[in-house]
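The values are calculated or read from the model by the stated rules, or taken from the named source; none is laboratory data. Just so you know, these numbers come straight off a predicted model, no measurement behind them. We place every Cβ from the backbone using ideal geometry, glycine too, and count neighbours over all the protein chains shown. Each accessible area value is taken on the protein alone, full model and side chains, heavy atoms only, with ligands, DNA and RNA left out. Shrake-Rupley method; radii C 1.70, N 1.55, O 1.52, S 1.80 Å.
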Amino acid sequence: MKVNFSSIKTSIKRVAAVTAVTVVSAFVLTGCGEKSAADYNKEGMAFYESGDFDQAKSYLEKATSMDKKNVTYKQNYAMVLIQQGQQDEAIKILEETLSSKKKDDKNNKYAYRALGLAYLNSHDYNNAVINFAAALKIETANEWNTDIRYYLGNAQELAGDTTGAVASYTKILRADDTNALAYEARARIYRNMGEYESAREDFMKALSYDSGSFETYIGLAACCLEMGDQAAADEALFQASLLDIQTNEDKYYLGVVHYYQGKFESAEPEMQYALANGIEEANFYLAELAMMNSDYETAKECFTTYSASTVVESPTVCNDMAVCYMKTGDYETAKGWIEKGLVYETSAVKQELLRNEIACYEVEGDLKAAYDKLAEYVVAYPEDEGAAQEYNWLHDRVG
């Protein structure tokens with residue numbers, strides 16, 4: 001059974017839940033019952049907080065048109081644009097609100113934070129890092145720093161700076177050693193780096209402060225499986241199966257739990273339900289279930305859709321796509337997917353990727369290439385006795 005930790009929702013998806021830091025001007029009604037810009041701003045932010053972004057946009061757009069110089073109204077309007085996916089327009093507005101005269105004021109900190117979110121949503125991780133870091137340099141509104149550091153770590157992780165990301169989450173935990181979200185985020189990085197003991201420790205700490213997180217239980221189970229601790233993985237999945245189901249996302253995670261528990265008859269309709277409700281991560285598990293039924297064309301379609309919805313490539317998906325193409329006789333395409341997967345040096349499926357690569361060359365009849373690859377493989381994985389025998393066989397023929 002495949003363990004694909006990146007099939008769990010990535011941290012960037014959390015951006016959608018971030019609210020604007022509401023700065024509301026005095027609620028003043030003008031004569032004859034007409035609303036002022038401040039009124040529109042206040043009502044717009046009320047709609048924003050309730051999640052009605054269309055209404056929020058309408059009211060905040062009115063506030064900014066009535067008072068074009070008000071930085072607060074512009075920044076609140078930009079936050080609505082971020083929520084609606086209009087990142088370029090939001091960035092333009094936010095950059096206009098930055099003040100060179102008041103470099104260290106609260107509005108600048110808010111603008112840099114919002115710019116970071118806009119770039120993060122745009123998958124421009126380097127610029128996201130730059131702006132989050134700029135926000136943290138401003139010594140005011142320090143109550144925002146935990147939130148900013150979390151997103152900084154997220155951007156650093158997605159930009160490939162795992163060391164920086166770990167440092168950002170560690171700073172959060174130094175200020176608040178009960179922050180379950182930071183423990184879970186740092187655990188995910190440790191696990192991806194192959195530092196399984198540190199990852200398990202952080203997952204356990206996260207659960208000690210938030211025992212209702214499907215993501216953390218599933219992350220812990222994946223980590224334990226890769227450490228070879230089946231009993232601990234089973235216990236984590238069992239505890240996850242006891243959590244309350246309140247949302248469609250919860251139903252999806254329960255389906256993930258059932259998948260890892262081997263309850264495929266339950267997992268498949270749960271994944272279909274999740275997909276019908278907009279949870280695209282379900283495609284990964286539908287692909288895996290299709291592979292179990294030797295339906296490789298459906299599996300390829302689901303994996304392709306899944307990959308298009310993620311912000312980082314999954315080496316597990318790369319390996320599975322390679323297997324699908326190998327099963328359907330397209331070894332050149334399979335090798336292309338293997339090459340993508342091997343970019344991730346610490347991947348838990350690196351060994352499997354290498355074995356599949358060797359198999360591709362052998363089936364194609366390129367025994368010299370297979371031998372050269374296998375020569376490197378047996379040095380890296382001396383415990384694989386089957387590979388050693390295969391190496392000797394190839395050595396007799398091409399060595």
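Tabulated values for the structure
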quantity: Unmet criterion (only one of (1) part of a loop (DSSP other than H, G, I, E, B); (2) closer than 28 Å to I189 by Cβ; (3) open to solvent by 30 Å² or more (accessible area, probe 1.4 Å)) for Q351; calculated: (1)
quantity: Out of E157, E89, E61, sole residue that is among the acidic types (D, E) and within 22 Å of S50 (Cβ to Cβ); calculated: E61
quantity: Output for the stretch 310-348, where each listed residue is among the β-branched types (V, I, T) and not in a helix (DSSP H, G or I); calculated: T310, V311, V312, T328, V343, T346
quantity: Among residues of the stretch 373-390, those that are open to solvent by 60 Å² or more (accessible area, probe 1.4 Å) and either among the hydroxyl-bearing types (S, T, Y) or within 23 Å of P315 (Cα to Cα) (or both), counted; calculated: 6
quantity: Of residues in the stretch 206-219 being open to solvent by less than 10 Å² (accessible area, probe 1.4 Å) and of a type in the set (A, V, I, L, M), the one farthest from the chain's Cα centre (by Cα); calculated: A206
quantity: Top-ranked residue in the stretch 172-205 [being among the acidic types (D, E) and open to solvent by 20 Å² or more (accessible area, probe 1.4 Å); ranked as nearest to the chain's Cα centre (by Cα)]; calculated: E195
quantity: Some residue of the stretch 332-340 being among the aromatic types (F, W, Y), within 26 Å of the chain's Cα centre (by Cα) and buried (at least 19 other Cβ atoms within 10 Å of the Cβ); calculated: yes
quantity: Of residues in the stretch 305-327 being of a type in the set (G, A, S) and open to solvent by less than 10 Å² (accessible area, probe 1.4 Å), the one modelled with the lowest pLDDT; calculated: S314
quantity: Residue within the stretch 324-333 that is aliphatic (A, V, I, L, M) and either closer than 25 Å to N192 by Cα or in contact with a Leu (Cβ under 8 Å, 6 or more places away or on another chain) (or both) present; calculated: no
quantity: Meets criteria (of a type in the set (S, T, Y), touching a residue at least 24 places away in the same chain (Cβ under 8 Å) and assigned to a helix (DSSP H, G or I)) for Y371; calculated: yes
quantity: Qualifying residue in the stretch 163-171 (condition: open to solvent by 60 Å² or more (accessible area, probe 1.4 Å) and either in a helix (DSSP H, G or I) or among the hydrophobic types (A, V, I, L, M, F, W, C) (or both)); calculated: yes
quantity: Subset of the stretch 278-295 [assigned to a helix (DSSP H, G or I) and surrounded by fewer than 15 Cβ atoms within 10 Å (Cβ to Cβ)]; calculated: M292
quantity: Close pairs from the stretch 113-141: first farther than 11 Å from Y151 by Cβ, partner surrounded by fewer than 18 Cβ atoms within 10 Å (Cβ to Cβ) and not aliphatic (A, V, I, L, M), Cβ under 7 Å, at least 6 apart; calculated: I138/D104; E139/D104; T140/D104; T140/D105; T140/K106; A141/K106
quantity: Neighbours by Cβ (under 7 Å, 6+ apart or cross-chain): first from the stretch 283-305, touching a residue at least 24 places away in the same chain (Cβ under 8 Å); second open to solvent by 40 Å² or more (accessible area, probe 1.4 Å) and aliphatic (A, V, I, L, M); calculated: N283/L275
